[in-house]
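A.B. asks: Would you mind keeping the following structure in view while I ask a few things?
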């Protein structure tokens, strides 16, 4: 198994070579290069190509144009639409989905999402109710209804696992991903970037502590860690506000050292045996604790820095509606000091979203500052952001954000980070709009917020998929409903944390399973929308 | 009921054979069977008769008639034979009639006499003629074997996938073999033929002579040979009236029999049942039928009429002008139950149930007897099984009733077998009805499977019955009802006398949204019949765009195909149509079509972005999309142009486009960029170094770093860089240069618009505490504490904080106090705090 690279294939004594690829044209060029250089080299090999998740005529056409289509003995598709990331999390990992849908009018990823949902329904039963908000959500629902008609008769009769499906467009809530996530997992992602549930961390903190080592053999290679709920400790702290993580870690440390101390009390052979049998588990727990203590230290270094504090203050001011209508000093200083462009863009976009667009003068000022400081080529990026609605001039002179904020209670002043009572803990004050919509849908229903829904972009709708009488669920009292929530265009870890928090509420009544086109954060999101012409 | 076993004939000690009537034949045959070519399909299939064959007299004036009947003699088709002389008829596994002509052509007809296709058995046959032909069935399908006038064999093992195999020559063969047959061993078809006293086996490589083991001496010729239904057994009839029965591999003899009749039999077929140990062969002469097995005596029947034998999986069908009968070995379960004086559990249970109906206490006695032996389960099973093998519904019912009765006394008898048997028998009785005329036995039905049976009903256009069966058996719609409706619809579109509207409406009425019906298949059939309009109407009902689109493209309805593809949301499908359209239409029409389909347009734009940049420009031009045109030229200024003049020109085009798009800002910015580019070029020329493509900010920084302060100032003025940013910029650049003198001068040039804390910070960043302290004193009061702490003057910071009486500042200072050196300061703060609290 090798990653796709240009030029020659890595040497290996094999007869068959299989390419697993996304159906993207630029990848076809690389493959063609591989095949051609391989052909020149002599002994013929058999090539096969598997498109994930679907075959594409365009790609095959490209291969044909490049003269290598005939070299492939098999051209098939591997319809892997939704990839499970955790017990309650599925992602299509399609980076371009947001850009394709909102900038380029290419709905391929929506089609794949609908297909993925059909597969899910084939496995876990027809979902009786579909709710949605947004243009893309509407389209996915339409495709699903259409596909259902295509598949009828062959559907297997399975008791439905999901009660509801909620389809949400990312552009209904452009705000949330722009804000800095403040959960443990969210911060790891913001600072180091979690890729396919792995994170690469600076190795210094993970060096084995040996005395007299003098720090000579510090590892230079990044420390790679897998992060998911299979790790007991991580499952416990991943969704907590970072400020609540420290106390958990120190409590855990005490428990573990106490457990190790037990060995002094073990007197009889039986007791020792019992102690030894627990050792592997304890050691794993100790290792896990050590890792997360190191990560927490790394993060703490960042979060206690002045700049982080300043940035967060500005973000929170914007989200609570303070001074969103004029040029912000901090942003100005960031530009003047040439902080990372993505950071600047995130802040400017956040301000724009929190003000339902910026005054033309303010907008032009920011844009000019950015172009002069970072280069005129970024005019393309700015244009993309405007097209996506992240950055826009205020039209009609009305700022809708305060209405939305108040009705949906997006800003909560009394946040309890240690023992949260509301989802706003994930951003230390700001309750993610998307999750609030989900929460209000389950109780008391969207009818109560019709007005706000009309302000948010795209239609909202409800569809029913009738079930045969035999499959209708008779709910036991106290049994939770299960809602599958699909974020079209990406979801952040903080939003996931908020949904998990709702699932765990004792009187919540709804459990959430989350699906998305891509696990993302503000940085990766903006990055995908940027265009670099050279 | 006493004489229920009256038609049972024992063969040897262990087996009984019985013959019962299936139908009295409904046909009104004018000719004798012996004057016709006859072919009857297995599994109760149709019968084909070709009257007036050519071999009789050369009466060319009368055209022969080909008749097709159901097994009950209901006419299905009748047509005048207009082609050449036919040597042999046979049915394929799909119930297609294969007619092998003398010239080697094989004509294929459907069940209803509709001509399907034809193929030839090779050119060689044209001269030599076909002497004899056999149609046989293998696991691959149906095969044809012919014997030519040159005494050579040619065969094809599967007429669906025609591959002719010419078999090797038989050495010294001068005349036609006395008899021959096809064998099928190890998935390969062979031919066994008899020439005088010798037997030869032909496979595709060689001809080998074979000898059956234990063959009685004195044979000078083989008159007849028969292979069993499963190709496992072979029987040979010799001119001495001797019958040899053994395995088809000719390795083992099973038994032999001498019937002392030397006349060649008309037909000889195997009569055995799957999984039975008994082997028997049925031999037919003009007026005599004989069942021969491993027993000294044979069973003999007299034939009143000219009869024809059809071998089946589990017996033999015999039909004549007036009747159609079935001869088979009595199955074990039936034998157990009905044998005279049988004490088998099933027999007792049947008896018990009868007594129960008579309200006699004997019922209890019988039941007890079975229960005492612990055989009730077995008894019920026996009755169920036997019911399956009965032909008469009355007898089926009695047996099932007995089973049901016995079941009541069992605790946990799984109901499946009983329920399934009831269902199967209902289906069987329905298809056995003489109107339908498919006399399947239970074993045949199980071998055939319900799917194939449904296919056969559909083939006979018995749609309602097929649907009823599907509904009765609750088959999934896709396998059952939908499929049948689709077949019906395909048949319907071929009715050319009905108008398109009526057909489409009729089909939609019946099919509606029945899940799993492929309207596109039906439409394809309609298109195949030349009814394009009907096909389009039908396609409207097709829910799967993936199916609609290719057919629409085939019918050259590309625009319709495009909108269907868009509806589906399947972008790849849209591309398929787009590329098709692109080739089909001229550019103008193509663009116009795109214009009306925004989704297709944006997809095509994506395509162009990767493949045809020029087309992309044309598309934007057509739509007057000046904003995108501007962006396009911006991109082009980076990608396509190397020279500065070219780049500026591209940018100028972009700026013009932005003006047209009323995007003043972008236009101005682009003009600024052009200005900067030219300037950078000049700077490179005059100062050397690299300036091109640096941002304005970086250009100014580079100038400062290179000591060109004047030029930097000028540039900043030209581009109206705001003061604040310029201060930051200069500050950073000078600190990078560590030009402290210049920095100080700069700081004093006027009052800093960014305050003096940044000066402190930047000096500390360069580890110059000395310089930092200079600025710390100038920092405004609100940031003073911070600045003092930065330069490490904790004591003074504490003083300022105390002066400010700011709790926040106090704790900030306190957090900077390190134990040893700042002890005094810390105390001071604590005191100040305490005092503050007192007040």
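A.B. asks: Roughly what percent of Cα-Cα pairs across segment A:436-532 reach past 21 Å?
C.D. replies: Numbers: 2340 of 4656 pairs.
It works out to 50 percent of all Cα pairs.
A.B. asks: How far, in nm, would the chain grow between residue B:117 and residue B:138 when pulled straight, counting 0.36 nm per residue and subtracting the alpha carbon separation? Present the calculation step by step, with values, prior to reporting the outcome.
C.D. replies: Details: separation 21, 0.36 × 21 = 7.56 nm, distance 2.11 nm.
Gain on stretching residue B:117 to residue B:138: 5.4 nm.
A.B. asks: Related question: Can you give the FRET efficiency for residue B:129 and residue B:447, using 1/(1 + (r/R0)^6), R0 = 56 Å, r = Cβ-Cβ distance, to the nearest 0.05?
C.D. replies: Details: r = 37 Å, r/R0 = 0.66.
That gives a FRET efficiency of 0.90.
A.B. asks: What number, in percent, do you get for the relative contact order of segment A:16-77 if the mean sequence gap of Cα pairs under 8 Å and at least 6 apart is divided by its residue count? Kindly include the intermediate steps, with their values, before the conclusion.
C.D. replies: Values: 86 pairs, mean separation 27.7, N = 62.
Relative contact order comes out at 45 percent.
A.B. asks: When the label point is put 7 Å from the Cα of residue A:149 along its Cα-to-beta-carbon vector, which residues of segment B:531-548 have a backbone N closer than 17 Å?
C.D. replies: B:536-548
A.B. asks: A follow-up question, please. Run through every distinct alpha carbon pair of segment A:16-77 and return the Kirkwood hydrodynamic radius in angstroms, one decimal place.
C.D. replies: Values: mean 1/r = 0.0875 Å⁻¹.
Across segment A:16-77, the inverse of the average 1/r is 11.4 Å.
A.B. asks: Right, next: At 0.36 nm per residue, minus the direct Cα-Cα distance, what do residue A:16 and residue A:448 gain on full extension? Give it in nm, one decimal, please. Don't jump to the answer; show the numbers that get you there.
C.D. replies: Details: separation 432, 0.36 × 432 = 155.52 nm, distance 6.00 nm.
Once the chain is fully extended between residue A:16 and residue A:448, it gains 149.5 nm.
A.B. asks: Per residue of the protein assembly as shown, what 222 nm ellipticity follows from adding -39500 (n - 2.57) for every DSSP H run with n ≥ 4, rounded to the nearest 500? List each step's numbers first, then the result.
C.D. replies: On the way: 52 runs with 627 residues, N = 1373.
Rounded to the nearest 500, it is -14000 deg cm²/dmol.
A.B. asks: Something else now. Taking Cα atoms, how many degrees apart are the long axis of helix B:442-459 and the longest axis of chain B, rounded to 10 and kept between 0 and 90?
C.D. replies: For helix B:442-459, the angle is close to 70 degrees.
A.B. asks: If you don't mind, there's one more thing I want to ask. Can you give me the Kirkwood hydrodynamic radius for chain B, using every pair of distinct Cα atoms, in Å to one decimal?
C.D. replies: Numbers: mean 1/r = 0.0270 Å⁻¹.
Every distinct Cα pair counted, the radius reaches 37.1 Å.
A.B. asks: Compute the Rg/Rh shape ratio of segment B:486-543: radius of gyration over Kirkwood radius, all on alpha-carbon atoms. Intermediate results must be reported in sequence, preceding the final value.
C.D. replies: On the way: Rg = 9.7 Å, Rh = 10.7 Å.
For segment B:486-543, the value is 0.90.
A.B. asks: A further question on this structure: Under a point spin-label approximation (7 Å from Cα along Cα-to-Cβ), what is the residue B:205-residue A:360 distance to one decimal in nm?
C.D. replies: About 9.1 nm separates the two model spin labels.
A.B. asks: Based on the Cβ-Cβ distance from residue A:243 to residue A:29, what FRET efficiency comes out when R0 is 56 Å, to the nearest 0.05? If you can, show how the numbers build up before the last one.
C.D. replies: Working: r = 48 Å, r/R0 = 0.87.
According to the calculation, E is roughly 0.70.
A.B. asks: PRE reach from residue B:624 (point 7 Å along Cα→Cβ): which of segment B:653-697 fall under 18 Å by backbone N?
C.D. replies: From segment B:653-697, the list is B:656-664.
A.B. asks: Follow-up. How long are the semi-axes of the ellipsoid equivalent to segment B:115-238, from square roots of 5 times the Cα gyration tensor eigenvalues, in whole Å, largest first?
C.D. replies: Working: eigenvalues 123, 62, 29 Å².
So the three semi-axes of segment B:115-238 are 25, 18, 12 Å.
A.B. asks: Can you give me the distance in nm between label points at residue B:297 and residue A:286, each placed 7 Å from the Cα along the Cα-to-Cβ direction?
C.D. replies: 9.4 nm
A.B. asks: A further question follows. For chain A, what mean projected area does the convex hull of the alpha carbons give, in nm²?
C.D. replies: Details: hull surface 130.6 nm².
About 32.7 nm², averaged over all directions.
A.B. asks: Sticking with the crude label model, points 7 Å out along Cα→Cβ, report the distance from residue B:187 to residue B:83 in nm, one decimal please.
C.D. replies: With each label placed 7 Å out from Cα toward Cβ, I get 3.1 nm.
A.B. asks: Sort the following peptides by mean Cβ neighbour count (other Cβ atoms within 10 Å, averaged over residues), highest first: B:29-35, A:382-388.
C.D. replies: On the way: B:29-35: 14.0, A:382-388: 20.9.
So the order, starting with the most tightly packed, is A:382-388, B:29-35.
A.B. asks: Report relative contact order for segment B:158-293 in percent, whole number only (criteria: Cα-Cα under 8 Å, sequence separation at least 6). Walk me through the intermediate numbers first.
C.D. replies: Details: 280 pairs, mean separation 20.3, N = 136.
The value is 15 percent.
A.B. asks: Need one number: the % of Cα-Cα pairs in segment A:243-398 sitting beyond the 28 Å mark. Could you put the intermediate results ahead of the total?
C.D. replies: Numbers: 5772 of 12090 pairs.
Summing the P(r) of segment A:243-398 above 28 Å gives 48 percent of all pairs.
A.B. asks: Based on the mean of other beta carbon atoms within 10 Å per residue, what is the order of B:71-82, B:39-50, most packed first?
C.D. replies: Details: B:71-82: 16.5, B:39-50: 23.2.
Going from most to least packed, we get B:39-50, B:71-82.
A.B. asks: Also, I was wondering about something else. What does the extension gain come out to for residue A:48 and residue A:527, with contour length at 0.36 nm per residue minus their alpha carbon separation? Before the final figure, lay out the partial values.
C.D. replies: Details: separation 479, 0.36 × 479 = 172.44 nm, distance 3.30 nm.
The residue A:48-residue A:527 span can extend by a further 169.1 nm.
A.B. asks: Would you mind checking the radius of gyration and Dmax of segment B:245-388 based on alpha-carbon positions, in Å?
C.D. replies: Reported Rg and Dmax, both Å: 19.9, 59.
A.B. asks: Right, here's the next one. P(r) for segment A:1-108: what percent of alpha-carbon pairs falls in each 5 Å bin, starting at zero?
C.D. replies: The calculated distribution, bin by bin, is 2, 11, 20, 22, 17, 13, 8, 5, 2, 0.
A.B. asks: To continue, here is another question. Taking the Cα atoms of segment B:31-211 alone, what are Rg (to one decimal) and Dmax (as a whole number) in Å?
C.D. replies: For segment B:31-211, the Cα-based Rg and Dmax read 16.4, 48 Å.
A.B. asks: Over all directions, the average projected area of the alpha-carbon convex hull for the protein assembly as shown comes to how many nm²? Don't skip to the answer; put the middle values down first.
C.D. replies: Working: hull surface 311.8 nm².
Over all viewing directions, the protein assembly as shown projects a mean Cα-hull area of 77.9 nm².
A.B. asks: Average partner chain C-beta neighbours within 10 Å, per residue of A:373-383? Don't skip to the end; give the middle numbers.
C.D. replies: Details: counts 8, 4, 9, 13, 7, 2, 10, 5, 0, 3, 7.
Neighbouring Cβ atoms belonging to other protein chains average 6 per residue here.
A.B. asks: Right, something else. In what sequence, highest mean first, do A:266-277, B:494-505 appear when ranked by Cβ atoms within 10 angstrom? Before the final figure, lay out each step's value.
C.D. replies: On the way: A:266-277: 10.8, B:494-505: 13.9.
Order by mean packing, descending: B:494-505, A:266-277.
A.B. asks: Could I ask something else about it? Set the Förster radius R0 to 22 Å, insert the Cβ-Cβ distance between residue B:357 and residue B:410 as r into 1/(1 + (r/R0)^6), and round the FRET efficiency to 0.05. It would help to have the intermediate numbers written out before the result.
C.D. replies: Details: r = 19 Å, r/R0 = 0.88.
The value I calculate is 0.70.
Every number here is computed from the coordinates shown, using simple stated rules; none is lab data. Remember, predicted model here, so these are calculated numbers, not experimental data. Neighbour counts are summed over all protein chains in view; Cβ atoms, including those assigned to glycine, are modelled from backbone coordinates with ideal geometry.
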